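A.B. asks: The structure that follows is given in the form of structure tokens.
The values are calculated or read from the model by the stated rules, or taken from the named source; none is laboratory data. Fair warning: this is a prediction, and the values are worked out from it, not measured in the lab. Ideal geometry is used to build each Cβ from the backbone, glycine not excepted, and the neighbour counts take in all protein chains shown. Surface areas here come from the heavy atoms of the whole protein model, side chains and all, with no ligands, DNA or RNA. Shrake-Rupley method; radii C 1.70, N 1.55, O 1.52, S 1.80 Å.
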Amino acid sequence: SMRVVLVSACALASVANAMAQEAPQDVEVSGEVGVVSDYRWRGVSLTDNEPALQAGVYVSHVNGLYAGLWAAAPTRKSTDIELDFSVGYAFTLWDGDLDLSVIGYVYPELDDTDYATFASVYERPVGEWIARARFEYAPIQHNLADESVYAALETERPIGDTGFALMGSIGWEKG
């Protein structure tokens, strides 16, 4: 129910806050909680154009290793909850940053829908813009009859100190 989702999101935010207060100096703990008007993934609504609650908690070390848990749930129905578990390593390379990760997508309410992907993202500043290249690969798994590949080029430019940015992306997906 919606009450369970809200209580879970608040609990996740509280855990992130408690972990952040007790974390060693070389470890950073962060979290987020939000409501979006529609949860979209690569242009497709995953909540039937309905609002969704999203929350995450992340732990990273100064050496570049990190782990995270992110969750999304439709606000009007209790099914189709998504949990994303990620582990990765981010480091500087050629005047930019390379992030290599493994992401597990888990749907506790649904059968035979869980899968994992390998992801890489390289980004670097180009003038006032940030240029980004993304590649993701999901090998054949018990519920994926074929491998899945996604590649994208993205760009982003902050709009002054407003906290907003201009963003654009173009992607290709197979599988």
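A.B. asks: Please give the per residue accessible area of region 18-175, computed with a probe of 1.4 Å over protein heavy atoms only, in Å².
C.D. replies: About 63 Å² of surface per residue is accessible.
A.B. asks: When averaged across all projection directions, what area in nm² does the alpha-carbon convex hull of region 66-140 cover?
C.D. replies: That works out to 6.8 nm².
A.B. asks: Report the local net charge at Trp129: Lys and Arg +1, Asp and Glu -1, summed over other residues whose C-beta lies under 11 Å from its C-beta.
C.D. replies: So the environment of Trp129 carries a net charge of -1.
A.B. asks: Over the Cα atoms of region 50-101, each weighted equally, I'd like the Debye log10 I(q)/I(0) at q = 0.16 Å⁻¹, rounded to two decimals.
C.D. replies: -0.59
A.B. asks: Of Pro108, Gly88, Asn63, which is farthest towards the positive pole of region 49-175's charge dipole, taken about the Cα centre with +1 and -1 on the beta-carbons of Lys, Arg and Asp, Glu respectively?
C.D. replies: Going by the charge dipole, the pick is Asn63.
A.B. asks: Sort the following peptides by mean Cβ neighbour count (other Cβ atoms within 10 Å, averaged over residues), highest first: 93-100, 118-125.
C.D. replies: Going from most to least packed, we get 118-125, 93-100.
A.B. asks: If I take the Cα coordinates of region 19-175 and project them onto the principal axes, what are the three extents in Å, biggest first?
C.D. replies: 44, 40, 32
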